[in-house]
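The values are calculated or read from the model by the stated rules, or taken from the named source; none is laboratory data. Just so we're clear, the structure is a prediction, and the values are computed from it rather than from any experiment. Positions of Cβ are backbone-derived with ideal geometry, glycine not excepted, and every protein chain shown enters the neighbour counts.
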Amino acid sequence: MLEKYKEFIIECLNEQMTLSAILDKIHKTDTSVKRAAFNSYCNKLKAEYGINNKTNTAGKELNLEIFKVRYIKRKDVLRHLWTGKRLSAEDFSVVGKKYEVIHYLEHFMIDFKSVFQEESKVMLTGFIEIYKDSVYSKIKSFINGLSMDINAVELPYSNGFIEGNNNRLKMIKRMMYGRAKLPLLEARILNGEQIFLANHTHI
C-alpha cells in the first residue's frame, strides 16, 4: 500500500520532515494508512537509503551525541567480582565513581576466595577479624553468620550432593505443577533417569 508513496516519503525524509508531518500530508488524500505500518515503512526506507533524519516528532533538531550510551550490565559487574572476567578499566572506573562500594567488594571477594582456595583455618579466622566490623550491614551480617557456624564451616565435608538433588527435585516439581499428584512425582524422581534413557535410546 505504501509503495505508491515511496518517492514522496523519501523526498520528505531528505527534507528532514518529521514522520507525523509526512503522515498528515498523506492522510489528506488517503486516511487508510495506519501509523504503525507507516513508521515501520519509513524506518525501512531510512535504513535502505541511508537517510539520517535528525529531528524528533516535534520537528526539533536532535543532539545525537546524548544518545551514545555505554550500558554496563549488572551481571558483568558480578562476573568481574566473582569469576575474574574483568571489566575494562574504563567501565570499572565509571562504576567505581558511581558506586564507591565496588572497590571494597572487590577486595572482599578476593579475600573470600583466597580462604577457600587455600583451605586455611588461619586465613578464615583472619578474614572474619578483618570484616566483622564492616561499615556495610550486609557484609557484617554475613560475617556474623559465618562466625556462628564456624565449627561447621571448618569441617572438610560438602553438602553439594544434597543441594544438587534438592535442585533436581524442585525443577521436577515446577515442571509438573498442577498436572499430577504425589504418586507420579515419586515415579519421576525415582525412575526419572531410566525413563529418560528409555526415551532417548531409539534413533
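Observations, loosely collected:
- For the stretch 99-145, a residue qualifies if it is within 30 Å of the chain's Cα centre (by Cα), farther than 25 Å from Arg74 by Cβ and surrounded by 15 or more Cβ atoms within 10 Å (Cβ to Cβ), and exactly one does: Val115.
- Close contacts from the stretch 92-113, counting a first residue that is more than 18 Å from Gly126 (Cβ to Cβ) and a second that is of a type in the set (Ser, Thr, Tyr) and at pLDDT 90 or above, with Cβ to Cβ under 7 Å and a gap of 6+ residues or different chains, come to Val101/Tyr136.
- The residue that is farthest from Tyr104 (Cα to Cα), among those in the stretch 130-144 that are of a type in the set (Ser, Thr, Tyr) and in a helix (DSSP H, G or I), is Ser141.
- Any hit, the stretch 145-156, residues being out of contact with any Pro (no Cβ under 8 Å at 6 or more places or on another chain), in a helix (DSSP H, G or I) and among the hydroxyl-bearing types (Ser, Thr, Tyr): yes
- Taking the listed residues Ile139, Ile110, the one that is β-branched (Val, Ile, Thr) and in contact with a helix residue (DSSP H, G or I) (Cβ under 8 Å, 6 or more places away or on another chain) is Ile139, with no other qualifying.
- Check on Met123, among the aliphatic types (A, V, I, L, M), assigned to a helix (DSSP H, G or I) and touching a Leu at 6+ places or on another chain (Cβ under 8 Å): no
- Residue ID - farthest from Met123 (Cα to Cα), chosen from residues in the stretch 168-184 that are surrounded by 10 or more Cβ atoms within 10 Å (Cβ to Cβ) and of a type outside the set (A, V, I, L, M): Lys173
- The numbered conditions (1) part of a helix (DSSP H, G or I); (2) at pLDDT below 85 are all true for Arg86 except (1).
- Of all residues in the stretch 17-32, those satisfying the criterion of being surrounded by 14 or more Cβ atoms within 10 Å (Cβ to Cβ) and polar (S, T, N, Q) are Thr18, Ser20.
- Which numbered condition Ile10 misses (of (1) surrounded by 11 or more Cβ atoms within 10 Å (Cβ to Cβ); (2) assigned to a loop (DSSP other than H, G, I, E, B)): (2)
- Selection status of Ala187, of a type in the set (Gly, Ala, Ser) and loosely packed, with under 11 Cβ neighbours inside 10 Å: no
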